[in-house]
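Visitor: Please see the structure below; I have some questions.
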Amino acid sequence: MLYGAYGYTGQLIIEEAVARGHTPLLAGRSADKIKPLAERYGLPYVAFDLSNAEAMLKAHGVPLVLHTAGPFVRTSAPMVDACLRTKTHYLDITGEIPVYESVLGRNADASAAGIVLMPGVGLDIVPTDCLARYVIDKVPDAVTLDIAMQVLNPSNGEPGFSRGTLKTALDMFAEGGCVRRGGKLVRHEIGLFERKFRFPHGVYAAVAVPVGDVITAWYSHHIPNITVYAAFPPSMLNLARTLSYVIREVVRRPAVRQWVSVQVDRVLFGPSEAVRQTGRTYQYARAEAADGRSAEAWLETTEGYRFTALAAVRAVERVLDGSYQGALTPAQAFGADFVLDIPTTKRVDRI
């Protein structure tokens, strides 16, 4: 079952699933939105609110749910609960720290049910999770992990994100930044912890951002000090630094966030096919032990939404073809090389 199928990313996942010979059961809250989509692809569908998720999973007997309806901080828990009660595998494409904490915290429940709970099978967090495991495998006693990422899309005036991504970002921005220090999560103003990173195409300044690896790398490897950075062109970095405090204070107000959400629905859908085919994303990871031993690596892959569709479908295939159980990150379950299954992905140890 693909829940949230009529969202921007959901539709990309449908295209990839059908291209790979699958016939997912499309699902979402709105029958008016899901029916024409199902008819277009010749797929079965069902419309239901998450309060009825358990009954619907029982009625349709699906072995796995790929959950793509965000913001996940609001939608994940009821679907996870339904999956645990019906012994249905649960995967999602979240990037939200509280969701990683919640879902990965239910390992005992997932193991008892004999199912997989796997948050983040898209751009968040497959590339960084796999790259982190790759460098940590070289330094198993690492105490520090630094990750940096950069998204490069054609500069043609098109939006580089979907409405769902922007809404999630507003919620995350309201909470501020997050790093891990001494094994504990530490909140901070976005725009702190600035440093420069070398990517294959140049050196860029980056700032710490609240991304799921601060949860997943701790969960998988117990790395006590984790920082995730996002690299930007200088003009964007300066703007973000200038506006971060003001924006955070504004979006923390629920009424303002609701108004912005309505406006986003009116004007935004997501990047075009041209952007998805030509955009690239880059990741860097470095693990360091207390005695200074370290390992680093770089990853280059396709545009983010395209990557999410490709990775999510392959993660579904792996889970259905395997005997996994428990709450797992993608790299925990599939290994560091899983990301290399995604077309056009390259990993190097030096540049």
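The values are calculated or read from the model by the stated rules, or taken from the named source; none is laboratory data. All values reported here derive from a predicted model rather than from experimental measurement. FYI the Cβ positions are ideal-geometry reconstructions off the backbone, even for glycines, and counts take in every protein chain you see. The protein model used for the area step is the full one, side chains on, heavy atoms only, and it has no ligands, DNA or RNA in it. Shrake-Rupley method; radii C 1.70, N 1.55, O 1.52, S 1.80 Å.
Visitor: Among the numbered criteria (1) part of a helix (DSSP H, G or I); (2) open to solvent by 10 Å² or more (accessible area, probe 1.4 Å); (3) under 23 Å from THR68 (Cα atoms), which single criterion is violated by ASP337?
Guide: Single failed check for ASP337: (3).
Visitor: Right, next: Would a scan of region 289-299 turn up a residue that is of a type in the set (Lys, Arg) and either in contact with a Pro (Cβ under 9 Å, 6 or more places away or on another chain) or closer than 17 Å to LEU131 by Cα (or both)? Give the steps one after another, and end with the answer.
Guide: First, the residues of region 289-299 that are of a type in the set (Lys, Arg): 293.
Checking the rest, the ones that are also either in contact with a Pro (Cβ under 9 Å, 6 or more places away or on another chain) or closer than 17 Å to LEU131 by Cα (or both) come to none.
The answer is no; no qualifying residue exists.
Visitor: Regarding region 61-69, can at least one residue be identified that is of a type in the set (S, T, N, Q) and under 23 Å from ALA311 (Cα atoms)? Before the answer, list the steps.
Guide: Taking region 61-69 and keeping what is of a type in the set (S, T, N, Q), we get 68.
Cutting the leftovers down to under 23 Å from ALA311 (Cα atoms) gives us 68.
Taking every residue of region 61-69 in turn, at least one turns out to be of a type in the set (S, T, N, Q) and under 23 Å from ALA311 (Cα atoms).
Visitor: Go through the residues of region 20-43 one by one and say whether even a single one is under 28 Å from SER323 (Cα atoms) and either among the polar types (S, T, N, Q) or in a helix (DSSP H, G or I) (or both).
Guide: For region 20-43, residues under 28 Å from SER323 (Cα atoms) and either among the polar types (S, T, N, Q) or in a helix (DSSP H, G or I) (or both): present.
Visitor: While we're here: Residue check, ARG40 against (1) open to solvent by 50 Å² or more (accessible area, probe 1.4 Å); (2) farther than 15 Å from ILE13 by Cα, all met but one. Which one?
Guide: (2)
Visitor: Also, I was wondering about something else. Provide a single number: the residues in region 3-37 that are touching a strand residue (DSSP E or B) at 6+ places or on another chain (Cβ under 8 Å), among the hydroxyl-bearing types (Ser, Thr, Tyr) and surrounded by fewer than 22 Cβ atoms within 10 Å (Cβ to Cβ).
Guide: Qualifying residue count for the region: 1.
Visitor: Can you tell me which of LYS58, LYS33 is of a type in the set (D, E, K, R) and over 23 Å from VAL116 (Cα atoms)?
Guide: Numbers: LYS58 fails: over 23 Å from VAL116 (Cα atoms).
One residue alone meets the criteria, LYS33.
Visitor: Considering only residues of region 284-294 that are open to solvent by 10 Å² or more (accessible area, probe 1.4 Å) and either touching a Gly at 6+ places or on another chain (Cβ under 8 Å) or in a strand (DSSP E or B) (or both), which is nearest to ASP141 (Cα to Cα)?
Guide: Step one: filter region 284-294 for residues open to solvent by 10 Å² or more (accessible area, probe 1.4 Å), giving 284, 286, 288, 290-294.
Pick out the ones that are also either touching a Gly at 6+ places or on another chain (Cβ under 8 Å) or in a strand (DSSP E or B) (or both) and you get 284, 286, 288, 294.
Details: TYR284: 19, ARG286: 13, GLU288: 8, SER294: 10 Å.
Filtering first and then ranking leaves GLU288.
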